[in-house]
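The values are calculated or read from the model by the stated rules, or taken from the named source; none is laboratory data. Predicted, not measured: the structure shown is a model, and the values here were computed from it. Virtual Cβ from ideal backbone geometry, glycine too; neighbours counted across all protein chains shown.
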Amino acid sequence: MDFTQDLHCLLSEQRRKLAAAEAMELDLDFAFRLQLKEALAASLAAQPSSSSSAAAAIIEQPVVVIHDDDVNAMTLQREELARMEREMKDREQSEAETLKMREELCRRIHDEKVAREISAIPEKDWQQWGDNFEKPFGEGSSSSSLSREEGVVRVYFKGLVSEENVRGRKVVLSGIGVAICDLSDNLIFEVSKSLIGNGTSKVAAEIKALIEAFNAAIALDLKRVVYCCDYYPLFQFVSGKWPAKQRKIAILVDQVNLLQRKFSYCNPRFVARHDVKFAFKLARDAIESQSTRLAESGSRSLNETCVICLEETDVGQIFSVDGCQHRYCFSCMKQHVEVKLLHGMVPKCPHQGCKYELLVDSCQKFLTQKLTETMQQRKLEASIPVAEKIYCPYPTCSALMSKTEVLEYSKDITGQSEQSEPKICLKCRGLFCFNCKVPWHSGMTCNTYKRMNPIPPAEDLKLKFLASRSLWQQCLKCNHMIELAEGCYHMTCRCGYEFCYNCGAEWKDKKATCACPLWAEDNIWLDDHEEELEEEEEDDDNDDYDDYRSDYPDDYYY
């Protein structure tokens, strides 16, 4: 109240100063016109009388000088003061409505408590002195503050993210709904609000809805709340069982924890989706209202928030994965594809558990020409089984081919199907030996060539020397070189072959066939071991979540 009075005094003072400034400006303009009039009269007095009538007309005409900068400044100040007064009136009206709802809530809590006390009175005692029983609300017995301290309310909240069709364009919109109810689930207070940014991740929308619910409860001066959550990851976050890995999600969770401290009692409860009273409909209404407003407006600026980086991006810079329709910004998708290609893997959708492979043609929107060619190469490598792969032996070509394709192509050209005959590269058309994997050794058999060339090529020797010095291992199935940077000796090649990094022995049925140790201490304990432990804990939490989801039907989640 004191703050409001001070603000009113400040606005009145600003109004007074503005009026004084306008009055001073008028006085200055009047003095300027008077001096100008006297100067014109003195100047015309020295001229012939023939011009006296014209001079009189000039003198009689008022001289008005308008300073545009001053007028604009005054206008802006008046508009700013008017805006502040409107905001003050709106806030006072909002506070009055909140106070009214607060008193109504306190009365409901009081009446519910009195009803419980009456129901606990034996019938014999009630007949004897029931007519004299009274506990009026307010002063005298149970005050409104005492009722607020003892009463517990239920808080339902929901954050929704939905893909809507707005003016022929798919836009991800999000909204939140909050419903505060008494213990009988009678609606006391509701909030339906659109989230800024026209889109966000689901977990962020849920947390923002919970923050909005806590702020509403605090505004109503509620001290004891039970908030009902139907989103399991959020329930784990607020319970402290799962740590938030994303920085922005962690900030939102910290904000929730700070708000919980403002209540004398604040307890989470996990419920089914259909038990989220009113909140789901309120969130859906917020999304529909936002969609209608965007459709009616002429604005072409539609933004969407990437669920990886949580940054607002124009919908034109959002990539939709073919098949699953998961959506991410171009920047995040480019980084994802680069990392997968660097590890020799075919990029798939970044969404956890999604198996849809990215299409080269679609990814050209955000990839460079070099990355596009690399992705095409990875696609080709993945499409050919390991036993069917063969590379052109000419250094200027090195094309990857399928053995079956090479045999059929060479048979169509030369009419010979024997493996001992020269084969033709599908790309450079060079002849090479299918058995020796070298350019065609004309006039000699494979055994003769091997006897005459017992030393491998210089490039192969350099690679083997580098692999030996760096302690690299070569996959026995696809000959891919692998380096152990950290972790155990159980290796899984990109072709799927599992082996021991220490000796090269094959792993079968997830078990080693050698007696080598599972790991070396130097490869496990690193400076950033704490981050690795946190990642392991996160994987365990995800496993727990998968186990939890298996207990519920698929249509429970959305």
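Considering each of Glu521, Glu532, Glu498, Glu486 in turn, give the residue that is of a type in the set (Asp, Glu), at pLDDT 80 or above and out of contact with any Pro (no Cβ under 7 Å at 6 or more places or on another chain).
Result: Glu498 is the single residue among Glu521, Glu532, Glu498, Glu486 that is of a type in the set (Asp, Glu), at pLDDT 80 or above and out of contact with any Pro (no Cβ under 7 Å at 6 or more places or on another chain).
For region 214-247, which residues satisfy the criterion of being touching a residue at least 60 places away in the same chain (Cβ under 8 Å), surrounded by fewer than 18 Cβ atoms within 10 Å (Cβ to Cβ), over 16 Å from the mean Cα position of the chain (by Cα) and not in a strand (DSSP E or B)?
Ala219, Asp221, Tyr232, Lys241, Pro243
Which pairs do you get when a residue that is in the same structural domain as Ser12 (by TED's automatic domain parsing), found in region 88-105, comes within reach of a residue that is part of a helix (DSSP H, G or I) and surrounded by 12 or more Cβ atoms within 10 Å (Cβ to Cβ), reach meaning Cβ atoms under 6 angstrom, with the pair 6+ apart or on two chains?
Thr98/Ala219
Which one of these is modelled with pLDDT of 70 or more, exposed (fewer than 12 other Cβ atoms within 10 Å of the Cβ) and more than 30 Å from Leu99 (Cβ to Cβ): Ser43, Ser49?
Step by step, each of Ser43, Ser49 is checked, and only Ser43 is modelled with pLDDT of 70 or more, exposed (fewer than 12 other Cβ atoms within 10 Å of the Cβ) and more than 30 Å from Leu99 (Cβ to Cβ).
Sort through Tyr227, Tyr232, Tyr265 and tell me the only one that's among the hydroxyl-bearing types (Ser, Thr, Tyr) and under 27 Å from Pro350 (Cα atoms).
Only one candidate qualifies: Tyr232.
Being in contact (Cβ under 8 Å) with a residue 24 or more places away in the chain and within 14 Å of Asn215 (Cβ to Cβ) is the filter here; which residues of region 248-267 pass it?
Matches in region 248-267: Leu252, Gln255, Val256, Leu259, Gln260, Lys262, Phe263, Cys266.
Only residues in region 382-398 that are in contact (Cβ under 8 Å) with a residue 40 or more places away in the chain count as the first member; pair them with residues that are in a loop (DSSP other than H, G, I, E, B) and among the β-branched types (Val, Ile, Thr), Cβ under 6 angstrom, at least 6 apart or cross-chain, and list the lot.
Pro393/Val438
Could you identify the single residue in Gly344, Gly353 that is of a type in the set (Gly, Ala, Ser) and under 21 Å from the mean Cα position of the chain (by Cα)?
Of Gly344, Gly353, the one residue that is of a type in the set (Gly, Ala, Ser) and under 21 Å from the mean Cα position of the chain (by Cα) is Gly353.
Suppose we keep only residues that are closer than 26 Å to Thr305 by Cβ and basic (Lys, Arg) within region 245-268. Which one would you say is modelled with the highest pLDDT?
Across region 245-268, the extreme among qualifying residues is Lys245.
Return yes when Ser402 is closer than 29 Å to Pro347 by Cβ, among the polar types (S, T, N, Q), surrounded by fewer than 13 Cβ atoms within 10 Å (Cβ to Cβ) and without any contact (Cβ under 8 Å) to a residue 40 or more places away in the chain and no when it is not.
no
Here's the yes/no breakdown for (1) surrounded by 14 or more Cβ atoms within 10 Å (Cβ to Cβ); (2) closer than 30 Å to Leu431 by Cβ; (3) of a type outside the set (S, T, N, Q):
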{"site": "Val315", "(1), (2), (3)": "yes, no, yes"}
{"site": "Gly323", "(1), (2), (3)": "no, no, yes"}
{"site": "His343", "(1), (2), (3)": "no, no, yes"}
{"site": "Lys355", "(1), (2), (3)": "no, no, yes"}
{"site": "Lys365", "(1), (2), (3)": "no, no, yes"}
{"site": "Thr368", "(1), (2), (3)": "no, no, no"}
{"site": "Leu371", "(1), (2), (3)": "yes, no, yes"}
{"site": "Pro385", "(1), (2), (3)": "no, yes, yes"}
{"site": "Ile390", "(1), (2), (3)": "yes, yes, yes"}
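Only one of (1) over 24 Å from Glu388 (Cβ atoms); (2) at pLDDT 80 or above; (3) within 57 Å of the chain's Cα centre (by Cα); (4) not basic (Lys, Arg) is not met by Asn447, so which one is it?
Here Asn447 meets the rest and fails (3).
Return yes when Ala19 is under 54 Å from the mean Cα position of the chain (by Cα), in the same structural domain as Gln93 (by TED's automatic domain parsing), modelled with pLDDT of 70 or more and under 20 Å from Arg78 (Cα atoms) and no when it is not.
Considered against the rule, which asks whether it is under 54 Å from the mean Cα position of the chain (by Cα), in the same structural domain as Gln93 (by TED's automatic domain parsing), modelled with pLDDT of 70 or more and under 20 Å from Arg78 (Cα atoms), Ala19 comes out as yes.
Within region 125-138, is there a residue that is of a type in the set (Lys, Arg) and at pLDDT 75 or above?
No, region 125-138 contains no residue that is of a type in the set (Lys, Arg) and at pLDDT 75 or above.
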